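The values are calculated or read from the model by the stated rules, or taken from the named source; none is laboratory data. Quantities reported herein were computed from a predicted structural model and do not represent experimental measurements. Ideal geometry is used to build each Cβ from the backbone, glycine not excepted, and the neighbour counts take in all protein chains shown.
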Amino acid sequence: LAFDLRPIEAEASHAMMRGQRIMLNATTAAMIVAMIVTLFGLTVSVFLSRRLLQPLNDLAADAAAIAQGNLEQPVRVVDSEDEIGFLARQFERMRQSIQTYVGELVTARQAAEEATREEQRLRAQIEEHSKLLEIKVQERTAELQEINERLTEYDRMKSEFLSNVSHELRSPLAAIASAAKIIGRYGDENKKTGKKFSAVITDEADRLGRLINDLLDLAKIEAGRVEWNMTRMENPVELLSHVVLTFRPLAEERGIELELDAPERLAAVQLDRDRMLQVLTNLCSNAMKFTPEGGRVVVSARETLYQGIPSLMVAVQDTGPGIPEDQLEKVFDRFHQVKAKRDGNKPKGTGLGLAICREVVNHHGGAIWAEAPPEGGARMVFCLPLADAGRPATADSREPLATTPHEAV
């Protein structure tokens with residue numbers, strides 16, 4: 001049998017080609033479906049990651065910022081009602097609570113630091129005031145102690161003064177009474193005896209008068225009741241010469257050398273002649289009183305510059321026992337008397353002469369002080385402003401120079 005297979009082969013070939021096309025189409029469709037599914041899955045994954053993972057990442061970053069102390073940045077809250085939104089809102093509340101608590105702590109710390117600084121400042125002030133108070137107490141205690149010592153010294157000096165005045169008043173009165181009794185008993189029989197005791201009465205009366213005058217002078221000067229007769233003395237050497245001549249007979253009688261060491265002429269001075277004569281008389285009398293026989297008293301005067309003011313400086317120096325260093329400033333105090341170094345005898349006089357001298361010199365706008373020369377004895381020095389020195393002494397003068405020795409040039 002002979003069959004033609006070509007048509008069958010062609011039909012089979014066509015069938016195979018159709019099958020292949022169907023397979024190709026199915027494969028393509030499957031691939032397209034797979035791609036679509038894959039894309040859908042990716043889209044869903046991205047959506048889910050954005051929906052779920054991003055808020056978690058943000059929440060984790062915000063939590064890390066809070067952990068690092070950054071409380072100013074708010075937590076990014078998700079507007080959803082799911083667990084992530086709830087968690088984010090809770091984190092934000094926690095951040096706000098922590099921020100409020102930290103703010104309160106900072107405020108409390110600042111208040112504590114301010115309180116500490118205030119406490120330190122107050123403590124420093126208290127310590128400073130305590131030190132100042134302690135210093136003030138010490139100063140006041142020292143002042144009160146010094147005042148007490150002065151009052152004690154003044155009380156002692158007053159007692160001694162009253163004792164001395166009583167003695168000085170009784171002594172001449174007793175001498176006068178005794179001399180009067182002797183004259184009354186023997187005067188008519190022996191004229192020589194009467195004359196001798198008449199002289200005693202005269203001397204003791206003069207002594208009593210000087211004591212009373214000193215007391216009255218000091219009281220009047222301190223009370224400001226003295227009438228000052230301030231005049232211009234063109235040459236003060238004349239007043240010094242008068243005083244030296246007055247004491248020369250007494251010096252010759254006691255064997256004391258009395259000298260005047262001054263130029264023939266000195267610059268004019270405004271002064272009360274009688275009061276200044278009283279000062280010079282007191283100084284020379286003291287020098288003569290404490291200078292032993294064979295001693296020397298020198299009255300000197302110079303023009304000098306004292307504390308920047310042209311002045312007349314007068315000094316009376318003796319060769320007596322001198323004045324102790326610790327009494328140089330006290331000798332001008334009222335009632336104060338210097339006990340002689342050599343014999344330790346009772347002081348002579350009432351202790352008013354130098355006090356009167358200081359008051360008179362101070363009234364003239366001058367200064368007076370005592371010195372202990374290296375060669376021994378005592379030197380009493382006072383300075384008076386010259387009449388043309390720009391600071392003349394007047395009847396109303398009440399501003400003395402500072403009493404500072406060794407400032408005269």
Please enumerate the residues belonging to the range 217-238 that are modelled with pLDDT under 75 and in a helix (DSSP H, G or I). D217, L218, A219, K220, I221, E222, A223
Filtering the range 80-117 down to residues that are at pLDDT below 85 and either touching a Gly at 6+ places or on another chain (Cβ under 6 Å) or basic (K, R) (or both) yields R89, R93, R95
Any idea which of R170, R156, R140 is over 20 Å from D333 (Cβ atoms) and modelled with pLDDT under 80? R170
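Per-residue answers, yes or no, for (1) among the basic types (K, R); (2) surrounded by 19 or more Cβ atoms within 10 Å (Cβ to Cβ); (3) at pLDDT below 85; (4) not assigned by TED's automatic domain parsing to the domain that holds G295:
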{"position": "N345", "(1), (2), (3), (4)": "no, no, yes, no"}
{"position": "G390", "(1), (2), (3), (4)": "no, no, yes, yes"}
{"position": "A393", "(1), (2), (3), (4)": "no, yes, yes, yes"}
{"position": "T404", "(1), (2), (3), (4)": "no, no, yes, yes"}
Selection within the range 276-308 - crowded, with 18+ Cβ neighbours inside 10 Å, over 18 Å from P249 (Cα atoms) and of a type in the set (V, I, T): V279
Would you mind finding the one in E160, E128, E139, E143 that is in contact (Cβ under 8 Å) with a residue 60 or more places away in the chain, not assigned by TED's automatic domain parsing to the domain that holds D333 and not aliphatic (A, V, I, L, M)? E160
Taking L59 as the residue in question, decide whether it is of a type outside the set (D, E, K, R) and surrounded by 11 or more Cβ atoms within 10 Å (Cβ to Cβ). yes
For the range 261-285, which residues satisfy the criterion of being within 18 Å of L386 (Cβ to Cβ) and small (G, A, S)? A262, A267, A268
Tell me which of these E375 doesn't satisfy, since it passes every other one: (1) closer than 15 Å to N286 by Cα; (2) modelled with pLDDT under 90; (3) not β-branched (V, I, T). (1)
Filter the range 257-275 for residues that are out of contact with any strand residue (DSSP E or B) (no Cβ under 8 Å at 6 or more places or on another chain) and surrounded by 21 or more Cβ atoms within 10 Å (Cβ to Cβ) and give the result. R275
Does G69 meet the test of being small (G, A, S), loosely packed, with under 10 Cβ neighbours inside 10 Å and either at pLDDT below 75 or within 60 Å of the chain's Cα centre (by Cα) (or both)? yes
